[in-house]
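Heads up: the structure comes next, in structure tokens.
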Amino acid sequence: MKILAIQALRGPNIWSINRKLIQMRLDLEDLEQRPTNVIAGFRERIEKLIPSLQSHRCSKGAPGGFLTRVEEGTWMGHVIEHIALEIQTLAGMETGFGRTRQTKTEGIYNVVFSYLEEKAGIYAAESAVRIAEALINDIEYDLDHDIHRMRELRESERLGPSTGSIVDEAIARDIPWIRLNKSSLVQLGYGKNQVRFRATMTERTSSIAVDIAGNKDETKRLLSDAAIPVAKGVTVATIDEVYSALKSVGFPLVFKPLDGNHGKGATINVKTEEEAIAAFHYAKEFSRRIIVERFITGHDFRVLVIDHKMVAAALRVPAHVKGDAKSTVQQLIDKENEDPRRGYGHENVLTEITVDRDTLDLLEKKGYTLETVAPKGEIVYLKSTANLSTGGTSIDVTDQVHSQNVFNCERISRIVGLDICGIDIMAQNLTEPLTENGGVVLEVNAAPGFRMHLAPSEGLPRNVAAPVIDMLYPLGKSARIPIIAVTGTNGKTTTTRLIAHIVKNNGSRVGFTTSDGIYVQNTLLMKGDTTGPFSAEFILKDPTVEVAVLETARGGILRAGLGFNKCDIGVVTNIQEDHLGISDIDTLDDLTRVKAVIIGAVKRSGWAVLNADNAYCLKIAATADCNVSFFSMDEKNPVIKEHCKKGGIAAIYENGYVTIKKGDWKIRVEKATHIPLTFNGSVDFMIQNVLAATLTAFLWGYKTEDIRTSLETFIPSAAHTPGRMNLFKFKDFDVMVDFAHNPDGFNGIKAYLSTISATEHVGVISGTGDRRDEDIIETARIAAKMFDRVVICQEKYLRGRKQQELIDLLLIGLKEVKPNIEVEINNNGEDCLKNLINNAKSGSFITILSDTIDNAIHKVTYYLDKELDKK
């Protein structure tokens, strides 16, 4: 077997609208002829290595269904899909969606399965192939190694429990999110309605408050001044100051770094001068200044306050084991780590206990080592702090907190100024006021961990992420911005630009993506073909954008899925033959499945805008799970008549007008001859683009008079529609640049040129290497019908082919239609254009197609400016 490609589909895709998927292109090679039932012992070996596959139901619909399929005989791609899913589950990432489909090429399959963490998912794909090969060849395989590696990848990539809980709560409320870095910086919402947070610090968190909380000495002073009980203590930086502290504070003591966290560098219950010196040096490893304070006996509590309201409280217990008079401390630790609630990193409710210096110091103070056998029932503490990240446990006590303690904790959040804060308290209990039971506030934490409250080892779990979302998105505040997604074979860019123009003219700041670049309002921010998910995300991350209009091409959908999970309006301009034979998209039905992803992502209350004159768009309409509207060049189109008879909304071209039809009513928007983009009503495909954009704007709620004004002010030019029928009028001849690159696009230009009188029609064409031979030949046939003379300029777009190969295909098409047509070959774009301009006949019309000349618009403009300068 051979892995040909692996890609992660992060957004809605051709396999699933709602799932993130790994897609692996797999060549089974000789295994195409060897299903599982002819591989001796395969069923027994796979069941022995991964017994949990017994739970896979497969098409049989019952546990054991997959293994039955293996016994009956199934292909290795299907087996690898199930292995990849199961080993993710074994690594703590339970997920269960999978598909395996053979491609047009025999033996080559697309193996598709869901994932939770991308790197782990990709590793699972590679591992599943290795496992299958080992099983086929009856070779021992170390599955535990792969499971452990996937856990490591998961921990390195996944969001922490606190960040993850906020994201999960956002998802539950249909709030979109984007991860902004490899750690815990997250954006909730889109565009102008976004908010950001990192771990449990939000964009509302005051930097001054974080500084105060990070300086434990400053925090104690502010709290003490506000009559909050705190532990007596001082800050030291030298050994001499340590000696002074011993006298002023007295034993027992706690040493901890001034700006430490997670209990790092802390030593508790220091009772001698020797222990104090050692504790000072240990804390010095983490901070230049050290807090020395009186060791308060009692229990360690954490109170969580969000938006100045107490939402949870927990009793924290340091990692410990209980003696049984038989086992050593190390054996007790090992046994404790077998608890299924304990796991690697943050994978489970509890974390595995590790032995470190803090552990050894605590044991030494008791006169113990790891080999000591503790008496039965004795609690042996292994950490000096109760952090869950070091193996501690938590018990929920939220409902037991005295009202005065609640009041003071909420005061503390305002005194320090934190919108989310964790308050560490040492006291016998929280059921009595601290002022009565001698309890004290030890410190106040910015970015407190949520895990102890989300999943306490005892007591009621608390959804503490909910009040965070309540704070960031109070009732009535939207997290989304309108998203209009445009796809199709031809007309995508022009339709996208026209919609964006209408939005902008109606007072909203619009961000839009096109095959020329990314724009916000009138500013080009990134040049290039920006029609994929990265470009969409670029716009959605921009905090100035109020409306997003996103051109969405097939390539991005196939490579990674959509860059958004939902849109308000999805537009499909048409579906024609183009890009076939690429990425397993071989037929127009295949292409329709790709374009339909956009409509699948339209929210139920949103709209699909579809071309009623295109049979493949009608197939999409039949399965759309949202409101559907149509546009058509023919008001008598049966689909339009039936749709409007039922009260539907459509845009039609009737009696020379662009018209909205709503039920039986007609609302004429503008006469086509008054819309510059239609070239005086002579270009049908431009009228189609206008219909799609007009219908979209009407559905969004814009007034027809405002739409009309926008249609009248959208001028086809290098500024508004670069590469889309851009006309340049020289003194004695005209030049047009258009990026038509497929038969349908060429036919549209042909229809327009038939209305243009010229002494000579000259065309500059090229082939595109990743198109089928028949597509390249067909464009040349159409070129022969519309031009008197043709120049082939095959300077680029080879895409894996040889230059002469493409030229030969073009010549076949040209000569087939017009054997005696004059053909010139000049593969130097600069020289080609220079010759065309300098030798143009008076009254001729030169058409440059498919962007055959690099920066053609810029270069033609240069020659036009030179001519004007001569005047």
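Quick one: which strands (runs of 3 or more DSSP E) lie wholly within segment 221-289 and hold at least 3 residues that are in contact with a His (Cβ under 6 Å, 6 or more places away or on another chain) and either on the phi < 0 side of the Ramachandran plot or open to solvent by 30 Å² or more (accessible area, probe 1.4 Å) (or both)?
Fully inside segment 221-289 and qualifying: nothing.
Mind checking which residues of segment 416-445 are closer than 20 Å to E293 by Cβ, out of contact with any Ser or Thr (no Cβ under 9 Å at 6 or more places or on another chain) and not in a loop (DSSP other than H, G, I, E, B)?
D424, I425, A427, L434, T435, V440, L442, N445
List the number of the failed condition for G843; all other conditions in (1) in a loop (DSSP other than H, G, I, E, B); (2) over 21 Å from D738 (Cβ atoms) hold.
(2)
With modelled with pLDDT of 90 or more, in contact with a strand residue (DSSP E or B) (Cβ under 9 Å, 6 or more places away or on another chain), open to solvent by less than 80 Å² (accessible area, probe 1.4 Å) and closer than 28 Å to K731 by Cα as the only criterion, which of I853, I846 stands out?
Going through I853, I846 in turn, the sole match is I846.
Out of curiosity, is D634 farther than 24 Å from I483 by Cβ and over 25 Å from the mean Cα position of the chain (by Cα)?
The answer is yes for D634.
Among the residues of segment 446-463, are any open to solvent by 50 Å² or more (accessible area, probe 1.4 Å), within 21 Å of I171 (Cβ to Cβ) and either in a loop (DSSP other than H, G, I, E, B) or hydroxyl-bearing (S, T, Y) (or both)?
Looking for residues that are open to solvent by 50 Å² or more (accessible area, probe 1.4 Å), within 21 Å of I171 (Cβ to Cβ) and either in a loop (DSSP other than H, G, I, E, B) or hydroxyl-bearing (S, T, Y) (or both), one finds at least one in segment 446-463, hence yes.
Being within 14 Å of L550 (Cβ to Cβ), assigned to a loop (DSSP other than H, G, I, E, B) and of a type outside the set (A, V, I, L, M, F, W, C) narrows it down to one residue among R480, R497; which is it?
R480
How about segment 575-593: which of its residues are among the small types (G, A, S) and in contact with a Leu (Cβ under 8 Å, 6 or more places away or on another chain)?
S583
Whether any residue in segment 797-812 is buried (at least 23 other Cβ atoms within 10 Å of the Cβ), more than 26 Å from H579 (Cα to Cα) and of a type in the set (A, V, I, L, M) is what I want to check.
no
For Q404, work out the one condition from (1) polar (S, T, N, Q); (2) assigned to a loop (DSSP other than H, G, I, E, B); (3) free of Cβ contacts under 8 Å to residues at least 60 places away in the same chain it doesn't fulfil.
Failing condition for Q404: (2).
Mind checking whether some residue in segment 544-567 is modelled with pLDDT under 95 and charged (D, E, K, R)?
yes
Those residues that are of a type outside the set (K, R), touching a residue at least 60 places away in the same chain (Cβ under 8 Å) and open to solvent by 20 Å² or more (accessible area, probe 1.4 Å), I need them from segment 530-552; list them, please.
P533, E537, D542, P543, T544, E546
Pairs only if they're at least six apart or on different chains, beta carbon under 7 angstrom, first in segment 96-113 and under 13 Å from I22 (Cβ atoms), second basic (K, R); list them, first residue then second.
F97/R19; N110/R25; N110/R101; V112/R99
Tally up the residues in segment 728-777 that are part of a loop (DSSP other than H, G, I, E, B), farther than 19 Å from E824 by Cα and under 41 Å from the mean Cα position of the chain (by Cα), please.
Total satisfying the criteria: 8.
Out of the residues in segment 652-701 that are touching a strand residue (DSSP E or B) at 6+ places or on another chain (Cβ under 6 Å) and polar (S, T, N, Q), state the one that is nearest to P482 (Cα to Cα).
Residue satisfying both the conditions and the ranking: T696.
How many residues are closer than 21 Å to W607 by Cα, touching a residue at least 40 places away in the same chain (Cβ under 8 Å) and under 34 Å from the mean Cα position of the chain (by Cα) if we restrict to segment 690-725?
13
Specify which of the listed residues (I353, I333) is outside any loop (DSSP other than H, G, I, E, B) and either β-branched (V, I, T) or in contact with a Gly (Cβ under 8 Å, 6 or more places away or on another chain) (or both).
I333
Which one is farthest from N437 (Cα to Cα) among residues in segment 299-320 that are touching a strand residue (DSSP E or B) at 6+ places or on another chain (Cβ under 6 Å) and basic (K, R)?
By that ranking, first place goes to R316.
The values are calculated or read from the model by the stated rules, or taken from the named source; none is laboratory data. This structure is a prediction, so every number in the text was calculated from the model and none was measured. Every residue, glycine among them, receives a Cβ derived from its backbone with ideal geometry; neighbour counts consider all protein chains shown. Ligands, DNA and RNA are stripped out before the accessible areas are found, and what is left, the full protein with its side chains, is counted by its heavy atoms. Shrake-Rupley method; radii C 1.70, N 1.55, O 1.52, S 1.80 Å.
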